[in-house]
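Just so it is clear, none of the values below were taken in a lab; they were calculated from the coordinates. It should be emphasised that the depicted structure is a prediction, and the values quoted were computed from it without experimental measurement. Cβ atoms come from the backbone with ideal geometry, glycine included; neighbour counts cover every protein chain shown.
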Amino acid sequence: MNNYDFSTLNDKEFEQISKDLLNAKFDLQLQSFKSGKDKGVDLRFSTKQNNNSIVVQAKHYSKSKYSDLKSIIKNKELNNVKNLNPDRYILVTSLNLSAIQKDELKIILDPYIKTSNDIIGQEELNEYLSEFSHIEKKYYKLWLSSTNIISEILNNAVESRTKYFLNRLTDKIKYYVVTEKLDLANNILKEEKILLITGQPGIGKTSLAEMILFERAKNNFKIHKVENIKEAEDVISNEDKIKQIFYFDDFLGANYAEIINSHKTETQLTSFVDRIRHSPNKYLLLTTRTIVLNLANDRYEKINQSSLNDRKFELKLSDYDKYEKALILYNHFFHKSVTKKFYNVIIDEKFYLKIINHDNYTPRIIEFITDDSKIKLFSDSEYKQFIINNLNNPKEIWRFSYNNQITYLERCLLMTLFSFGNFVSENKLIRAFEKRLQYEIKQHNQVVDGNQFNKSIKLLLNGFISSTLYNSIDKNKRSYNFINPSLADFLIGQTSESLSEKKGIINNAIFLEQLDRFNPKTSIIHLDQELQLIIRDLIKNDHFLIDKKEYEDKNQIIFFNCKIITILSDYCSEVNIDNIYLHYLKKIDFKIEWNYTIFSTILNSLLKIKDCPQTEEYVNKNFLKIIRKIIAIADSEFEADEIKDLFDKYNQDYNEFSKTEEGVELIENMIINIIQTSENELTDQIKDEVTEISKVEEIYEEIFSTQEKLIKELFPTSNHNLFFEVKLDKSEWENIIEENQIKENMREYDEWEDNNYKKENYDSTNLSDEDKINDLFN
C-alpha cells in the first residue's frame, strides 16, 4: 500500500479526492459547493427529511500539526456544525491521527460525530486508495509523489546526474496542472519515437517534458539526461527490450544555435534522430525555443530536412484555458505558502482575473511573483505593483531582484557564471570568481570576505542559480547553472547595455570558453574596438589557462591554439592581430595528422583574416604545405569551394595546381572523400527506414550527379576521368530492406503504457470558467 501524505494536492484537490473516496467507499452521492456558500459544508448528502443529512468537512492540514486542527475544530467548526445540525458529520483530514486524537475530536464534535470511524485521517485515506485504484490513478500529482514510485523512478535513472535531476523534480510535481497537452505530447512521443517541444520562453516547455519523463520513469524506462548527442550515443543500448528515453533540454542552446557549429555535429544529431526513430523501445525528448529552432532551420540544411521537424510539438500560451491558468496561479500560492497579506492582494477586487487574462501571462511569471525570496520585503501596494510591472514588461522580471535584492559581489558572481554559458563545474567557477574578486578589489576598492564564494553562493542558490550534484559520494562533483533561462536573457541585455559589464567579464576571463558569450556568430552582445583590443592583449600576454580536464586528447595544446586562432580571426576583426595571429599559426604542427577541428579552424580563419601582411607572407611561402593538409581532410562540396577561395585570397593559381601531378592526386582524393562522405550521410538517413529499392536508387543517382559536378568544377581546364565509382550493392540493400520491413511490423513490440490524464481529470461541473475561477480563489 502506498503511503501518501497528500502534500502534492492543494486544498481544493484534497476536497475533491475526499469526495471521490467517500462516494466509492460508502456508496454516497455527496455534493460539492462553491466555496463560502455554506459555512462548515465542503460536501453534503441530502435527504427529503434533512438537506444536511450528511455533512463532510475536508481539512487539508499536511503542513500543520494536530494542535492546529484541534483548535480550528473547537473554536470555529463546532459552531458551524451546530447551526447545520446534520444527522451525521464526517471529518476528513490529511493529518495522520492516533486513536487517542480521534477520540478527542469525537468528544468535541459530539453528538454529530457518531463514531470515531467518521474521523478519517491519512491512514484511512490511503487504505481507500488501495481499495479504489482507479481513483488513485486519476490524481496524477498524487500517485507520482508516492514514496514507492519515487524510489522506483530514481532506480531508473542511469547516471548520477539524471538521478539528481529526477529527485529534484519530486518537489515540482505539486505545481503542475494537467492539461490536454500532456496526453497529446505523450501520444506523439509514443507514435513518432521523437518529441521536440518548442515554444516561447517561460511557456512551460521544460515542465511538460519533466512530467513526461517522470511518468515514463514510473513505467520502467531508463532515463538519460544528456548534454550532447555523443553522451546519448555512448549509452544507447542495442538490446531491443531495454526501454530508454533520452532527454536533451534546450538542445539548440539557451539563446543561440551554437551547438551546431559544423556539418559534422549536424550530421551526428540527425543520424541519432534516425537511429532512435527505428530502434524498438528507444525515445528522444528535446526542448527548444521556437525562435532558436527557426534560426537553426534557416542555417542548417540537415536540421531543416531532418525528421525532427515532423515530430515538432509547439506549446503556445493559447494552449492554456483560463481555468488552467488559474490553477497554475493557485497552486503556486498554495504550495509556496505565500503569506496571507499577499494572497489578499490578488483576492482584492478579483485581481487574480487581471493576472490570468493578461496577454503576457506565462507560468514562469507566476513562478517569479510567488517566489518568497523576491517578494518577502514588499508592502501590499508594492507587491501589487511588482506583479503589474512584471506582467507589463516580462523581459524585465529579473531587474528589480538583480538591482535591489543582492549585493554587488553577488552580481559579480552571476556575471562570472553567465560568462560560461550553461553548466560550469564548481572548481572552475571558483577559480574564475577569485580572479573577478581580485579585479574588484583593485579597480573598485571592494571589501571581500575570506569565504566570499560560499557566502555568495548561499545567497544566490534557488533564487537565482541551481546546483547539481553529479556524485552523491564526492561532494565536490557539483556544477552550477541559472535557475531558468530568463535570467541569462536578462543578463544578455544587462551586458549589452553596459561597457563596464563587458569589461568586467572580458578582463577577468581566465578560460577561453568565457569569451563565447561575445562570439560574433552567435551573440547579440557587440564587441567594439576597445573590447577587441582587450581580448587581443590578453591573448598576447598568455592570459588564458589550458584546462587539462577539458582537453584530454594528446593534442590538447593544438586544440587550445586553434581556439586562440579562431578568437583572433572572429572576435578581433577591427584591430591589428597580425603578429599575434602569426605567432599562434606557427605553433600548429604540420607534421602530425590533423583532425577536423584543426582543419576547419585553419581554413576558416585564413579565409577571414585581413590586413595581416606578415601572416599572408608566411601563408604564401608555406601555401603548398598548408593546402596539402587542408585538402586531405575536406569532405564536403562547401569545403571544396572554400579551398578554391583560399587559392584566390592568397594569389595562388588553382588552375595550374589542378594540372600538376601532386595537385591531381590531392584533388582526386578530396573528391573521393566528398563522395564517400555524401554516400555515408545519405544512406545513413534512409538505411533504418527504407522499404523499397527505388528509394535507394534515387540516393545513388544523387551521388553520381554530385561526382560529375565536382569533377567538372575542380578540374576546370581538362576533361578529367576519375577512376573511382560508387557502386550500388543491390543484394546488400535488399537484405537491409527486408530487415526494415520486419522492424516495421515489430513496432507493436514497443512497451508503452497509455494513460489519458486529461480525460481522467475531466471536470464534470457545468460552471463557467469564470465561476470556477472565482470558486477556486474564494
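For this structure, a couple of remarks:
- Relative contact order computed over segment 11-132 (Cα-Cα under 8 Å; 6+ residues apart), in percent: 23
- Reachable lysines from LYS74, criterion Cα separation under 23 angstrom, eight or more residues apart if same chain: LYS12, LYS37, LYS39, LYS59, LYS63, LYS65, LYS82, LYS102, LYS106, LYS114, LYS340
- Summary value for the chain: 10 percent relative contact order, contacts being C-alpha pairs under 8 angstrom separated by 6+ residues.
- Here the scattering of segment 325-397 is modelled by Debye summation over its C-alpha atoms, one equal scatterer each and no solvent; at q = 0.11, 0.14, 0.25 Å⁻¹ the log10 of I(q)/I(0) is -0.21, -0.36, -1.34.
- Degrees, to the nearest 10: 290-299 long Cα axis against longest axis of the chain: 20
- Residue (of ILE120, ALA99, GLN31) at the positive-pole extreme of segment 11-132, dipole from beta-carbon charges: GLN31
- Segment 666-745, relative contact order [Cα under 8 Å, separation at least 6], %: 42
- Residues whose placed amide H lies under 5 Å from that of GLY199, excluding near-sequence neighbours: THR288, THR290, LEU315
- Relative exposure of ASP516, ASP537, judged by other C-beta atoms within 10 Å (fewest first): ASP537, ASP516
- Counting only lysines at least 8 places from LYS502 when in the same chain, those with an alpha carbon closer than 21 Å to its own are LYS395, LYS428, LYS435, LYS442, LYS521, LYS540, LYS563.
- Sequence-ordered 3J(HN,Hα) estimates for segment 80-89 from the Karplus curve with 6.51, -1.76 and 1.60 and θ = phi - 60° stand at 4, 5, 4, 5, 6, 6, x, 6, 8, 10 Hz, glycine and proline given as x.
- Candidate lysines for bridging to LYS621, where Cα separation is under 18 Å - those fewer than 8 sequence places away on the same chain excluded: LYS586, LYS587, LYS591, LYS610, LYS629, LYS644, LYS649
- Distance (nanometres) between label positions extended 7 Å along Cα→Cβ at PHE638 and LEU499: 3.7
- Dividing the C-alpha radius of gyration of the chain by 2.2 N^0.38 Å, with N its residue count, gives 1.16.
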